[in-house]
Amino acid sequence: MERAKQRVGAVQVLKDVLCGAAIGIAFIIPGFSGGTVAAILGVYERLVGAIADFFKHFQRSIATLFPIACGMLLGAAALILPIRWGMEYFPLPTVSLFVGLALGGLPPIKRRAGTCNAKKIALFLAALLLAASLVFLPEATRPEGFLYHLDLGGYALLFLVGLAASCALVIPGISGSMLLLIFGYYTPLVALITDLILFGTQPLKSFSVLAVAAVGIVLGFFALSAVMRYLLKKYSCETYSAILGFILGSVPCVYTSIVFEASPWTWVASLLSLLVGIALSYAFVRYAGAHKQLY
């Protein structure tokens, strides 16, 4: 019996690491939301609850968050270079694959939203329009190397940007990378991380920049997670209706965040990528649901 419990625990840890890797990958894709992936994979409520109860149930929260956080770091670190390459040379097919993965995983979220009524439809439409409205916000332009020359005010602004970016992991459909693009921090941060990984450029300065952004993100986690936990506890179906709207409304933001060549082959490859993503994600959630895994 004890050995069986250990085996189940090890399998759960592995699942959490893999889920965390998927969340971390989503976080670095412009227009995409780590919270979307968490909701699709069925770990969203556990993640929000663990963050909200971090100080109240410290050990239990650590047991939940640590493997997911490790997976996030591994996923982002392992794929930041391939994704940057794909976004640079094949942006539309790359983005379409991830959009397909998101769309194919929507049925479980729709089931959690329950049957439609006027209130749920209104929340869905409001969330959809709010997420889609990010398309119309102008992007700030900043040089790639400006993060190496921040003053005290620059670090304070970076902290606030980190707070905003935390929305990506707490509110499904709101993309932290899209917000970073709007604020003009996405390209400089990606360049700083890749330069640090590949060339070890100014490690102390790079780590100080990343640490300030991370503190903002972590504090945003705690504040927003407490709000989302309350909403999921008191208004679960209504909250999932809004989450569904946020996710669908974020799709235009994903496509408007990239510059692509509209050649016939690009459109064909992108359509195939979209369909492959939908099929893979839908097959996964069907398998997980049938075997009561992640759900």
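Step through the residues of the range 79-87 one at a time and calculate ³J(HN,Hα) from phi using the Karplus curve (6.51 cos²θ - 1.76 cosθ + 1.60, θ = phi - 60°), rounding each to whole Hz and writing x for Gly and Pro.
10, 5, 6, x, 5, 4, 5, x, 5
Using 0.36 nm times the number of residues separating LEU275 and ASP53, minus their current alpha carbon distance, what extension gain do you get?
Values: separation 222, 0.36 × 222 = 79.92 nm, distance 3.89 nm.
Difference between extended and current length: 76.0 nm.
Students often get this wrong, so check it: of LYS56/LYS205; LYS15/LYS205; LYS15/LYS233; LYS15/LYS234, which have C-alpha atoms separated by over 32 Å? Mind dumping the intermediate values first?
Working: LYS56/LYS205 35 Å; LYS15/LYS205 35 Å; LYS15/LYS233 24 Å; LYS15/LYS234 28 Å.
From the list (LYS56/LYS205; LYS15/LYS205; LYS15/LYS233; LYS15/LYS234), the Cα-Cα distance tops 32 Å for LYS56/LYS205; LYS15/LYS205.
Which residue, VAL209, VAL11, VAL43, tops the fluctuation ranking in a GNM of the chain built on C-alpha contacts under 10 Å?
Sorting by GNM fluctuation, first place goes to VAL11.
Return the whole-Å distance between the Cα centroid of the range 199-248 and the Cα centroid of the range 102-141.
The distance from the Cα centre of the range 199-248 to that of the range 102-141 comes to 18 Å.
If you take the charge dipole of the chain about its Cα centre, with +1 on Lys and Arg Cβ and -1 on Asp and Glu Cβ, which of SER270, PHE136, ALA122 is farthest toward its positive end?
ALA122
Pop the C-beta distance of LEU130 and VAL218 into the FRET formula with R0 = 30 Å and round what comes out to the nearest 0.05.
On the way: r = 25 Å, r/R0 = 0.82.
Efficiency, from the Cβ-Cβ distance: 0.75.
Extension gain ALA211-ALA122, at 0.36 nm per residue separation less the Cα-Cα distance, in nm?
On the way: separation 89, 0.36 × 89 = 32.04 nm, distance 3.94 nm.
Length gained between ALA211 and ALA122: 28.1 nm.
Could you tell me which residue out of PHE146, GLY71, SER241 lies farthest along the dipole of the chain toward its positive end? Charges go on the beta carbon: Lys and Arg +1, Asp and Glu -1, centred on the Cα centre.
SER241
Putting +1 on Lys and Arg Cβ atoms and -1 on Asp and Glu Cβ atoms, find which of LEU181, LEU158, VAL37 reaches farthest to the positive end of the dipole of the chain.
VAL37
So if we plug the beta-carbon distance of ALA10 and ALA77 into 1/(1 + (r/R0)^6) with R0 = 22 Å, what FRET efficiency do we get, rounded to 0.05?
Details: r = 23 Å, r/R0 = 1.05.
For ALA10 and ALA77, the calculated efficiency is 0.45.
From the phi angles alone, apply the Karplus equation (6.51, -1.76, 1.60; θ = phi - 60°) to the range 273-281 and give each ³J(HN,Hα) in whole Hz, x where the residue is Gly or Pro.
Using θ = phi - 60°, the values come out as 4, 4, 5, 4, x, 4, 5, 5, 5 Hz.
Could you tally the net charge around ARG84, taking each other residue with its Cβ under 15 Å from the Cβ of ARG84, Lys/Arg +1 and Asp/Glu -1? Walk me through the intermediate numbers first.
Details: positive: none; negative: GLU88, GLU144, ASP195.
Net charge around ARG84: -3.
So what is the relative contact order for the chain, in percent, with contacts set as C-alpha pairs under 8 Å and at least six apart?
Working: 469 pairs, mean separation 98.3, N = 295.
Once divided by the residue count of the chain, the mean separation gives 33 percent.
Please say if the range 2-290 is rounded, prolate or oblate, where rounded means a/c under 1.5 for a ≥ b ≥ c the square roots of the C-alpha gyration tensor eigenvalues, and otherwise the choice is prolate for a/b larger than b/c and oblate otherwise?
Working: a/c = 1.37, a/b = 1.14, b/c = 1.20.
Cα axes put the range 2-290 in the rounded bin.
Among ILE83, ILE68, ILE174, determine the one that fluctuates most according to a GNM of the chain built with springs between C-alpha atoms less than 10 Å apart.
The residue with the greatest mean-square fluctuation here is ILE83.
List ARG111, ARG142 from most exposed to least, where exposure is judged by having the fewest other Cβ atoms within 10 Å.
By the 10 Å Cβ count, ascending, the order reads ARG111, ARG142.
Please give the charge dipole size of the chain, origin at the Cα centre, charges +1 on K and R Cβ atoms and -1 on D and E Cβ atoms. Round to the nearest 20 debye.
Values: 20 positive and 11 negative charges, 280 e Å.
With only Lys, Arg, Asp and Glu charged at Cβ, the dipole is about 1340 debye.
Since every read-out is calculated from the coordinates, none of them should be taken as a lab result. As the structure is a computational prediction, the values presented were derived from the model and not from experiment. For neighbour counting, all protein chains shown are included, and Cβ atoms are generated from backbone atoms with ideal geometry for every residue, glycine included.
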